[in-house]
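Data block below; observations after.
The values are calculated or read from the model by the stated rules, or taken from the named source; none is laboratory data. Here the structure is a predicted model, which is why all the values come from computation and not from measurement. No Cβ is skipped: glycine too gets one built from the backbone with ideal geometry, and neighbour counts run over all protein chains shown. Ligands, DNA and RNA are excluded from the accessible area calculation, which covers all protein heavy atoms including side chains. Shrake-Rupley method; radii C 1.70, N 1.55, O 1.52, S 1.80 Å.
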Amino acid sequence: MIPRTKDYEEQDVMPTVQAIVNALAQGDLDRIPTLVDDMGSYKPEWLQQMREHIVEETGGIDVYGVPCTFRPNYEYKQLRFYPFTDGSGMACEYALTVSGDLNDWTLLLRFYYEGDSIRVEFEDLHIL
């Protein structure tokens, strides 16, 4: 769980999002379960297989903060938050990049508000 600051939840979760993206990029997959409260049905072996597939397909994943070179004629955000309609939390999508280039791999996380804390759930890593 991470501390929650009401009305600033997106800022509260950013260090966790950054750390998970960096762990994926650097192959430090054992770190990811320490950053989340719930891995769901995902096991470290699955994460390793997914990372190997991504590296094989793309050559590697950028760490958080590498500028994305994708510049379409519409508003595009590499990181998006989607508040739950019932106010219980939010979902997060982060489009992974390779050498700044967009690809189809997306990290999905869920954040649930529990009083003064935020529970972090690893939802998925997949191709959109």
- Report the one residue of VAL120, LEU96, VAL66 whose Cα lies farthest in the direction of the positive end of the charge dipole of the stretch 48-128 (charges on C-beta: Lys and Arg +1, Asp and Glu -1; origin at the Cα centre). VAL66
- Message: Just to be sure I understand: with springs between alpha-carbon atoms less than 10 Å apart, which residue in GLN26, GLN11, GLN78 has the highest mean-square fluctuation in the Gaussian network model of the chain?
- Response: GLN11
- Message: Between the stretch 90-115 and the stretch 1-54, what is the separation of their alpha carbon centroids in Å?
- Response: 10
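Tell me the carbon and sulfur percent of the accessible area for the stretch 1-116, rounded to whole percent, probe radius 1.4 Å.
Values: 3080 of 6610 Å².
Here it works out to 47 percent.
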- Item | Where the stretch 1-72 is the region considered: accessible area per residue in Å², 1.4 Å probe | 59
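Filter the chymotrypsin sites (Phe, Trp or Tyr not before Pro) in the stretch 1-106 down to the DSSP loop ones having no more than 13 other Cβ atoms within 10 Å, then list what survives. Don't jump to the answer; show the numbers that get you there.
Numbers: sites: TYR8, TYR42, TRP46, TYR64, PHE70, TYR74, TYR76, PHE81, PHE84, TYR94, TRP105; in loops: TYR8, TYR42, TYR64, PHE70, TYR74, TYR76, PHE84.
Filter output for the stretch 1-106: TYR8, PHE70, TYR74, TYR76, PHE84.
Going from most exposed to least, what order do ASP116, ASP12, ASP104 have by accessible area with a 1.4 Å probe? Before the final figure, lay out the partial values.
Numbers: ASP116 130, ASP12 35, ASP104 95 Å².
From most exposed to least exposed: ASP116, ASP104, ASP12.
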- Query: Looking at the stretch 35-111, which GluC sites (Glu not before Pro) are in a loop (DSSP not H, G, I, E or B) and have at most 15 other Cβ atoms within 10 Å?
  - Reply: GLU75
